[in-house]
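Read through the structure below, which is laid out as C-alpha cells, and then see the notes.
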Amino acid sequence: MWTIFAIVLLLVVGGWLDAQLNWSQVNPKSVKEERR
Amino acid sequence: MIAGHFGLATGVKAGAPRLPLWALLLSTFWLDVIFIFLFAAGIEGLTQIDPAHPSYGGALIHAYYTHSLVGALLIAAITGGIAGLWWGRQGGLVIAAVIFSHWLLDLLVHRPDLPILPGNAGNLPLLGFGLWEYPVFSAALELALVLVGVYLYYRRASQLPAPSGVAPSQQRGRVWLASVGTLLLLLLVLTLDLLSL
C-alpha cells in the first residue's frame, strides 16, 4: 500500500517538477550540434 | 520490479524531451495499472511463494492477459496509437516502446510466469529468467536503472535554455530540484518495494 502511495507521489510530484522546466524550447538539432 | 521500470522511463525522457515525464512514468507502469483493475475483477492475480513472509520479488504473478507477450504488444500498440493523437507519431511510438519495455524488464526478473499468448492459450511454455531468485542482483539492477535514468535526465535538462525572465542560476536550481526530487522519489519507491510495504 505504501509503495502504491509512493508511486502516485512520484507521478504527481515528479511530473510537476518536470513541468517546471521549459522542455518545449528543446531543439533536438541544436542539442546534437552542441554535443558535436 | 517497480523502481527499475520508472528509472528506465526517466532516462527515456532524455531522448524524447517533449514528452512529459508523467506520461513516460505512467507508460512504463501501464501494464501493471491494467493488471490492478483485472486483479480487482478477479481475472488476474498473484500468489506469494511464502505467504507467511511476503518478500521483495517473492510472488508468482498470474497476469495472463496484461503480461502475455502478445497482450503487452497489443496494449502498447493501442495505447501508443492513442498517445500519438496528442504527441505525434514519434511520441506515440516512444510511448508504445516504453509500455513494452515493462514486459522486457519483467522477463528478466520474473520467475517463469509470463505467457506468450493472452490467457496462456495453447499452454505454451511460460517465460521468465528468474532474477528475483537472487534479490541482491535484481535490486542492484533496479538501482542501476534508477541512477542511470536520472543521470541521463539531469544531463539533458542541464542543456535546456533558461526561459526569459529566469536567471541561469535559478534555472540550474530548477534542474537540480527536478533531478534530485525525482531521484529521491524513485529511491523511496525502491526502498518500500524492497521492504514489501
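Can you name the number of the only condition in (1) within 14 Å of another protein chain (Cβ to nearest Cβ); (2) crowded, with 18+ Cβ neighbours inside 10 Å that B:LEU114 fails?
Unmet condition: (1).
Can you name the number of the only condition in (1) in contact with a strand residue (DSSP E or B) (Cβ under 9 Å, 6 or more places away or on another chain); (2) closer than 28 Å to B:ALA52 by Cβ that B:LEU107 fails?
(2)
Please find, among B:LEU46, B:LEU25, B:LEU60, B:LEU93, the residue that is among the hydrophobic types (A, V, I, L, M, F, W, C), in contact with a strand residue (DSSP E or B) (Cβ under 8 Å, 6 or more places away or on another chain) and either free of Cβ contacts under 8 Å to residues at least 40 places away in the same chain or on the phi > 0 side of the Ramachandran plot (or both).
B:LEU46
Determine whether region B:155-170 contains at least one residue that is under 30 Å from B:PRO54 (Cα atoms), crowded, with 18+ Cβ neighbours inside 10 Å and not hydrophobic (A, V, I, L, M, F, W, C).
No; the residues of region B:155-170 include none that is under 30 Å from B:PRO54 (Cα atoms), crowded, with 18+ Cβ neighbours inside 10 Å and not hydrophobic (A, V, I, L, M, F, W, C).
Considering only residues that are within 13 Å of B:ALA97 (Cβ to Cβ) and at the interface with another protein chain (Cβ under 7 Å from one of its Cβ atoms), which ones fall in region B:6-23?
Selection gives nothing.
What tally of residues in chain A results from selecting those that are part of a helix (DSSP H, G or I) and either of a type in the set (Phe, Trp, Tyr) or at pLDDT 85 or above (or both)?
Residues meeting the conditions: 19.
For region B:1-72, list the helices (runs of 4 or more DSSP H) that sit wholly inside it and hold at least 3 residues that are aromatic (Phe, Trp, Tyr); which are they?
B:30-40
Which of (1) more than 16 Å from the chain's Cα centre (by Cα); (2) among the aliphatic types (A, V, I, L, M); (3) surrounded by 18 or more Cβ atoms within 10 Å (Cβ to Cβ); (4) modelled with pLDDT of 95 or more is the odd one out, the single condition B:ALA76 does not satisfy?
(1)
A quick yes/no check of all residues on (1) surrounded by fewer than 20 Cβ atoms within 10 Å (Cβ to Cβ); (2) touching a His at 6+ places or on another chain (Cβ under 7 Å); (3) assigned to a helix (DSSP H, G or I):
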site: B:GLY91; (1), (2), (3): yes, no, yes
site: B:VAL94; (1), (2), (3): no, no, yes
site: B:LEU104; (1), (2), (3): yes, no, yes
site: B:LEU107; (1), (2), (3): yes, no, yes
site: B:ASN120; (1), (2), (3): yes, no, yes
site: B:PHE129; (1), (2), (3): yes, no, no
site: B:LEU141; (1), (2), (3): yes, no, yes
site: B:VAL150; (1), (2), (3): no, no, yes
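Please go through region B:24-42 and give me each residue that is closer than 11 Å to B:HIS67 by Cα and among the aromatic types (Phe, Trp, Tyr), ordered by number.
The answer is B:TRP30, B:PHE35.
Which of the residues that make up region B:156-189 are touching a Ser or Thr at 6+ places or on another chain (Cβ under 8 Å), facing chain A (nearest Cβ under 8 Å) and more than 17 Å from B:VAL12 (Cα to Cα)?
B:VAL189
The values are calculated or read from the model by the stated rules, or taken from the named source; none is laboratory data. All values reported here derive from a predicted model rather than from experimental measurement. Glycine also receives a Cβ, built like all others from the backbone with ideal geometry; neighbour counts cover every protein chain displayed.
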